[in-house]
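Participant: Below are the structure tokens for one structure; questions will follow.
The numbers here are math on the coordinates, done by the rules we state, and not lab data. Since the structure is predicted, the reported quantities are computational estimates derived from the model, not experimental observations. Cβ sites come from the backbone with ideal geometry, for glycine too, and all protein chains shown count toward neighbours.
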């Protein structure tokens, strides 16, 4: 019985340590994401290079946990890729999720942020409105 108790305690401590590591990793990502505005967009799309349409694109993330979200965001010149201009965001594994429901795979370092996502067609036939987008961004 003592062995079962010791094993249970050991497993609980290991699990708490893993949660702490996850939290520390998320805190580090949050600090990198919110350190500066992200701009200088290089945009690839299923139609080709759309970078010229996003020359003035800027996205700013802030850390302000509230209602299950990690912070807020503001987007300038989001074009067809971002119908949102502001809202809340959160991390979920390898995704950033907006309160609008938009989910984006991301890769983040101190000097680059890559957002990879799909915009569903709205029924129109305008090139670049929907499809698969990849935004490669750098700090402003």
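Participant: Please rank 61, 91, fewest neighbouring Cβ atoms within 10 Å first, as an exposure proxy. The partial results should precede the final answer.
Facilitator: Numbers: 61 21, 91 18.
Listing 61, 91 from fewest to most nearby Cβ atoms yields 91, 61.
Participant: Sorted by average packing, counted as other Cβ atoms within 10 angstrom per residue and highest first, what order do 66-77, 30-41 take?
Facilitator: Working: 66-77: 15.2, 30-41: 17.3.
With the highest mean Cβ count within 10 Å placed first, the list reads 30-41, 66-77.
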